[in-house]
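Enquirer: First the structure, then my questions, so here it is.
The values are calculated or read from the model by the stated rules, or taken from the named source; none is laboratory data. This is a predicted model, so every value here is computed, not measured. All Cβ positions, glycine included, derive from the backbone under ideal geometry; neighbour counts span all protein chains shown. All accessible areas refer to the heavy atoms of the entire protein, side chains included, with ligands and DNA or RNA removed. Shrake-Rupley method; radii C 1.70, N 1.55, O 1.52, S 1.80 Å.
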Amino acid sequence: MKVRKAVIPAAGLGTRMLPATKTVPKEMLPLVDKPAIQYIIEEAVASGIEDILVVTNRAKSAMDDYFDYAPELEGVLMRSGKTAEHDAVRRSADMANIFYVRQKETKGLGHAVWRAKRFVGDEPFAVLLGDDIMMGEVPVTKQLIDAAVKYEAAAIGVQRVAAEAISKYSSVQISELESKIYKVSDMNEKPAPEHAFSNFAILGRYVLTSNIFSILENTPPGYGGEIQLTDGLRTLCKGSPMVAVDFEATRYDTGNLQGFLEATIDFALKDAQVSDWLRGFMIEKVKGF
Ligand code: UTP
């Protein structure tokens, strides 16, 4: 099994980050000096992905522009000797082969993934959610691809969450295969804590096989009236092998304000240009409380 393609569903409405996301796609909000989507694309590329499909909607054309060349800007930067800035602008357009498809109606994550059917064909493919940013030594998508290849199975990224938090996620029924890798036998979307299979939650990274498309085609709307990827994955795991990878990385849900601020502060504290200043600034601020 070789995983060369990835799909980034980024057609959600971003209602948790309004009013900013009224006109700016949440994937384009900056985390220090790069938009969130660039971290996702960098993870995919670092995991060996060659072709990437971004599922967008009519309000998100800023994303296609960002990954295009900007001849006028690049010319000005070159002529004024700002080569570092020029290279950074160019790099964002040269990272991967990026394709786009629109989800014409916001019918849910399962429907957004289904829009990738023509792009994917018969190959296994990775899915990276646009607002889940992961930071670890080994890219999370790579951790999933390695497990998918080893077990010739679909793979989903999971981490343990607090019992009372599981109702925000999908919970999985699992049995251990080896340290950090589990066989998946069932799952449910946003369960009440007493209905959760486990405290392992599915968190924004998947490696799927192409039989998911015919399953999604026959998946009726579920939680919230949307076609849920979890409902499709539930059918998939009952008919085909699927493993859960308890991945090693910190995960930031940048689709809500708290996760967005956590990522911003953590990334800035690791950024050589601003980390010393930020540390001093925060110490001064905290003294005032
Ligand atoms: P979320 O529910 O986290 O994102 O969907 P959202 O709908 O944009 O955000 P809120 O809840 O209104 O603030 C998870 C992922 O699925 C994508 C989103 O872009 C996000 O990456 N998605 C969701 C789609 O691409 N299409 C949809 O119809 C729904």
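Enquirer: Go through segment 253-277 residue by residue and tally those that are surrounded by 16 or more Cβ atoms within 10 Å (Cβ to Cβ) and in contact with a Leu (Cβ under 8 Å, 6 or more places away or on another chain).
Expert: 6
Enquirer: Okay, moving on. Mind listing whichever residues of segment 1-23 are at pLDDT below 95, open to solvent by 20 Å² or more (accessible area, probe 1.4 Å) and within 18 Å of Val55 (Cβ to Cβ)?
Expert: Gly12, Leu13, Thr15
Enquirer: Follow-up question, since we're still on this one. Within 15 Å of the ligand (Cβ to nearest atom), open to solvent by less than 80 Å² (accessible area, probe 1.4 Å) and either under 30 Å from Phe200 (Cα atoms) or small (Gly, Ala, Ser) (or both), is that true of Leu128?
Expert: Yes, satisfied.
Enquirer: Of everything in segment 219-250 that's open to solvent by 60 Å² or more (accessible area, probe 1.4 Å) and assigned to a loop (DSSP other than H, G, I, E, B), which residue is farthest from the ligand (Cβ to nearest atom)?
Expert: Result: Pro241.
Enquirer: If you don't mind, there's one more thing I want to ask. Taking the options Leu203, Leu216, name whichever one is part of a helix (DSSP H, G or I) and within 14 Å of the ligand (Cβ to nearest atom).
Expert: None of the other options fit; the residue is Leu216.
Enquirer: Starting from residues that are free of Cβ contacts under 8 Å to residues at least 40 places away in the same chain and among the hydrophobic types (A, V, I, L, M, F, W, C), keep the ones in segment 89-104 and report whichever is surrounded by the fewest Cβ atoms within 10 Å (Cβ to Cβ).
Expert: Ala93
Enquirer: Another question, if that's okay. Looking only at residues in segment 85-112 that are in contact with a Leu (Cβ under 9 Å, 6 or more places away or on another chain) and under 12 Å from Val54 (Cα atoms), which one is nearest to the ligand (Cβ to nearest atom)?
Expert: Ala112
Enquirer: For Ser171, only one of the following conditions fails: (1) crowded, with 17+ Cβ neighbours inside 10 Å; (2) under 27 Å from Asp122 (Cα atoms). What is its number?
Expert: Evaluating Ser171 over (1) crowded, with 17+ Cβ neighbours inside 10 Å; (2) under 27 Å from Asp122 (Cα atoms) leaves (2) as the failure.
Enquirer: Given the criteria within 30 Å of Ala244 (Cβ to Cβ) and open to solvent by 40 Å² or more (accessible area, probe 1.4 Å), does Leu109 qualify?
Expert: Against the criterion (within 30 Å of Ala244 (Cβ to Cβ) and open to solvent by 40 Å² or more (accessible area, probe 1.4 Å)), Leu109 qualifies.
Enquirer: Under 8 Å between Cβ atoms, which residue pairs at least 6 apart in sequence (or on different chains) link something in segment 35-61 that is surrounded by fewer than 17 Cβ atoms within 10 Å (Cβ to Cβ) with a partner that is charged (D, E, K, R)?
Expert: That search, which allows pairs on different chains as well, returns Ala46/Lys142; Gly48/Arg4; Gly48/Lys142; Glu50/Arg4; Glu50/Lys5; Arg58/Arg102.
Enquirer: Follow-up question, since we're still on this one. How about segment 175-187: which of its residues are closer than 12 Å to Cys237 by Cβ and either open to solvent by less than 40 Å² (accessible area, probe 1.4 Å) or outside any strand (DSSP E or B) (or both)?
Expert: Tyr182, Val184, Asp186, Met187 - these are the residues of segment 175-187 that are closer than 12 Å to Cys237 by Cβ and either open to solvent by less than 40 Å² (accessible area, probe 1.4 Å) or outside any strand (DSSP E or B) (or both).
Enquirer: Another question about this same structure. Of a type in the set (Asp, Glu), modelled with pLDDT of 95 or more and in contact with a helix residue (DSSP H, G or I) (Cβ under 6 Å, 6 or more places away or on another chain), is that true of Glu27?
Expert: So Glu27 does not fit the description; no.
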